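Asker: One structure coming up, written as structure tokens, with questions to follow.
The values are calculated or read from the model by the stated rules, or taken from the named source; none is laboratory data. Treat the numbers as computed from the prediction; the structure is a model and nothing was measured. Cβ placement follows ideal geometry from the backbone for every residue including glycine, while neighbour counts extend to all protein chains displayed. Accessible surface is based on the protein model in full, side chains and every heavy atom, while ligands, DNA and RNA are left aside. Shrake-Rupley method; radii C 1.70, N 1.55, O 1.52, S 1.80 Å.
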Amino acid sequence: MKSLTKHYIDGGFVESHGREVMDITSPTNRQLIGRVTLGDEEDTRRAIAAAKRTFSTFGRTTKDERATLLRRLHEAVSARLDDLTAVMIEEYGGVAQFARLIVQSGVNAFPAAEKALQEMPWTRSWEKTTVTLEPVGVAGLITAWNANALFICLKLASAVAAGCTVVIKPSELSALQTQVLVEALHEAKLPKGLLNVVTGRGEVVGAELVRNPDVDKISFTGSVAVGERIMRDGAATMKRVTLELGGKSPTILLDDAALDQAIPAALIMAFLNSGQACAAGTRLLVPKSRLDAVKQAIREGMRAFTVGDPADPKTAVGPMVSERQYERIQSYIRKGIEEGAEVLVGGEGHPEGLDAGFFARPTVFVNVKNDMTIAQEEIFGPVLCVIAYDSEEDAIRIANDSRYGLHGAVLRTDRQRTRRVASQLRVGRVVINGMTDDPQAPWGGFKYSGVGREYGEYGIEAFVEPRAILE
Ligand code: NAD
């Protein structure tokens, strides 16, 4: 059993001033696997002070100096890819096949940020005016538990590229994963005080970052409720904010789609990261005329979504991160049934033989109306709603009839038609024919899915201020 008692402040591991100790429980078998001492306001203030000191020099570094640091970070994190994957499986219950992809995306964030750094127009001049992009200052990076290494690496890479120093507040549910990652980041030998990491509760460490006047920017990944609070509380010190929040993403299956390819792709997007993914395609919109065939294809396709030990490479859906998350999913499944949706696959309770951990049954609802709770609220678990539509216009209307606007997908055969549909979705990113990624493409949401963007130049822009000099 591991015991974590230190934070990473000013270039080294230092004992926590905060005294609260939290147990770390395996989601796979509920056994105690570690204990973490949580940081408090004092730890946070020490970290902010270190970041502020270092910003006075790091904020003036050249593009090439920052590119060198990004290369060192890439090397350091790459070297721990296996360890980071193993600890994501152990602490979070991420399935092996997906955990490695997530960690790899985190590793890739550094070269992607370097590329964007090299290509961005840092200076623009015309007539008597010169505009330069300046780092915004000290950035507080607050992250969620469902892809710890990715969120931290992504935000850190953009901040370093911009010339910002950082204090990271990872989710308290990711303490073991954070420890391995910070050990890796330490090997990059960054200037002291550039990177600081304090694990603690949101309402303690996170709140201090949001209210502290020495923090200039908050980049947050998490729920809408906390995002709203950060925006409100951050206003008192005029914080710049980037908010990456929830989703209820539509997957539109057009009537010309080949079901043998489209349904497996739709199911992969729905049950991504065991359904605990902001981008999960949890509303599958299908033409009424093809509903029966779709139901049959889903029943067959769901056989591939085996639930079980996340370390087993054949497992597609692992446990939920915590008992609370498991209970949340159960309550939504009950709500769906109460509101008149029909369970096609799955349902309440644990899958057979899997009651030792927080395993939920991957569930597909049919006869779902878009105004039902299960179609409107983010469940953040393996629950898919199938909603029937009448026409292409109807599909677009239903897709956009959501307070969220993070992600969407279109499954098709006709390219022109797909583009026409994709371009009418009020979401930050649309993928065609299945999940795919591009580390230079912006990531972020319309509406309640957030404010601002991450990845590539868009991600770096979130950490800079333009300054104009007029002669
Ligand atoms: P959460 O909002 O509960 O917590 C996120 C982080 O905020 C944690 O580190 C938490 O400790 C901290 N926090 C809590 N209260 C705070 C406060 N008052 N001040 C400052 N920080 C505070 O979210 P979660 O349960 O960890 O994550 C799940 C949510 O994250 C889902 O809604 C999901 O959609 C969203 N998410 C979004 C993206 C994206 O890129 N858009 C990615 C992953 C997850």
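Matching residues to (1) in contact with a Gly (Cβ under 6 Å, 6 or more places away or on another chain); (2) touching a residue at least 60 places away in the same chain (Cβ under 8 Å); (3) buried (at least 20 other Cβ atoms within 10 Å of the Cβ); (4) over 30 Å from residue 326 (Cα atoms):
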{"residue": "45", "(1), (2), (3), (4)": "no, yes, no, yes"}
{"residue": "60", "(1), (2), (3), (4)": "no, yes, no, yes"}
{"residue": "73", "(1), (2), (3), (4)": "no, yes, yes, yes"}
{"residue": "81", "(1), (2), (3), (4)": "no, no, no, no"}
{"residue": "84", "(1), (2), (3), (4)": "no, yes, yes, no"}
{"residue": "97", "(1), (2), (3), (4)": "no, yes, no, no"}
{"residue": "116", "(1), (2), (3), (4)": "yes, yes, yes, yes"}
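Asker: In this structure, is residue 141 surrounded by 22 or more Cβ atoms within 10 Å (Cβ to Cβ) and among the hydrophobic types (A, V, I, L, M, F, W, C)? Step through it out loud before you land on a result.
Answerer: Working: surrounded by 22 or more Cβ atoms within 10 Å (Cβ to Cβ): yes; among the hydrophobic types (A, V, I, L, M, F, W, C): yes.
Yes: the conditions hold for residue 141.
Asker: Please go through region 145-165 and give me each residue that is near the ligand (Cβ under 10 Å from one of its atoms) and either aromatic (Phe, Trp, Tyr) or outside any helix (DSSP H, G or I) (or both), ordered by number.
Answerer: 145, 146, 147, 151
Asker: Can I ask one more? Only one of (1) within 16 Å of the ligand (Cβ to nearest atom); (2) in a strand (DSSP E or B); (3) of a type outside the set (Lys, Arg); (4) within 20 Å of residue 376 (Cα to Cα) fails for residue 284. Which number is that?
Answerer: Condition not satisfied by residue 284: (1).
Asker: Every residue in region 418-445 that is open to solvent by 60 Å² or more (accessible area, probe 1.4 Å) and either touching a residue at least 24 places away in the same chain (Cβ under 8 Å) or over 17 Å from residue 249 (Cα atoms) (or both), please.
Answerer: Selection gives 419, 420, 424, 426, 433, 435, 437, 438.
Asker: Look through 173, 185 and report the one residue that is within 9 Å of the ligand (Cβ to nearest atom) and either of a type in the set (Phe, Trp, Tyr) or part of a helix (DSSP H, G or I) (or both).
Answerer: On the way: 185 fails: within 9 Å of the ligand (Cβ to nearest atom).
Going through 173, 185 in turn, the sole match is 173.
Asker: Hey, another quick one. For a quick check of your reading: which helices (runs of 4 or more DSSP H) sit entirely within region 295-405 and have at least 2 residues that are within 16 Å of the ligand (Cβ to nearest atom) and in contact (Cβ under 8 Å) with a residue 24 or more places away in the chain?
Answerer: The helices (runs of 4 or more DSSP H) meeting that bar are 323-338, 373-376.
Asker: Also, quick follow-up: Filter region 237-252 down to residues that are more than 8 Å from the ligand (Cβ to nearest atom) and open to solvent by 10 Å² or more (accessible area, probe 1.4 Å) and give me whichever is nearest to residue 151 (Cα to Cα).
Answerer: The extreme case among them is 241.
Asker: Name the single residue, out of those in region 202-223 being in a loop (DSSP other than H, G, I, E, B) and more than 6 Å from the ligand (Cβ to nearest atom), that is most open to solvent (accessible area, probe 1.4 Å).
Answerer: In the first step, residues of region 202-223 are kept if they are in a loop (DSSP other than H, G, I, E, B); the result is 212-216, 222-223.
Those left that are additionally more than 6 Å from the ligand (Cβ to nearest atom): 212-216.
Values: 212: 17, 213: 98, 214: 61, 215: 2, 216: 55 Å².
Taking the candidates together, the pick is 213.
Asker: I would also like to ask the following. Between 260, 255, which is more than 14 Å from the ligand (Cβ to nearest atom), open to solvent by 10 Å² or more (accessible area, probe 1.4 Å) and not in a helix (DSSP H, G or I)?
Answerer: 255
Asker: State yes or no: is residue 234 open to solvent by less than 20 Å² (accessible area, probe 1.4 Å), free of Cβ contacts under 8 Å to residues at least 40 places away in the same chain, outside any strand (DSSP E or B) and within 11 Å of the ligand (Cβ to nearest atom)?
Answerer: Against the criterion (open to solvent by less than 20 Å² (accessible area, probe 1.4 Å), free of Cβ contacts under 8 Å to residues at least 40 places away in the same chain, outside any strand (DSSP E or B) and within 11 Å of the ligand (Cβ to nearest atom)), residue 234 qualifies.
Yes or no, residue by residue, for (1) touching a helix residue (DSSP H, G or I) at 6+ places or on another chain (Cβ under 8 Å); (2) of a type outside the set (D, E, K, R):
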| position | (1), (2) |
| --- | --- |
| 142 | yes, yes |
| 159 | no, yes |
| 177 | yes, yes |
| 189 | yes, no |
| 200 | yes, yes |
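Asker: I would also like to ask the following. Do we find that residue 136 is of a type in the set (A, V, I, L, M, F, W, C), in contact (Cβ under 8 Å) with a residue 40 or more places away in the chain and surrounded by fewer than 17 Cβ atoms within 10 Å (Cβ to Cβ) in this structure?
Answerer: No.
Asker: Select from region 202-217 the residues that are touching a helix residue (DSSP H, G or I) at 6+ places or on another chain (Cβ under 6 Å) and aliphatic (A, V, I, L, M) and list them in ascending order.
Answerer: Within region 202-217, 205, 210, 215 qualify.
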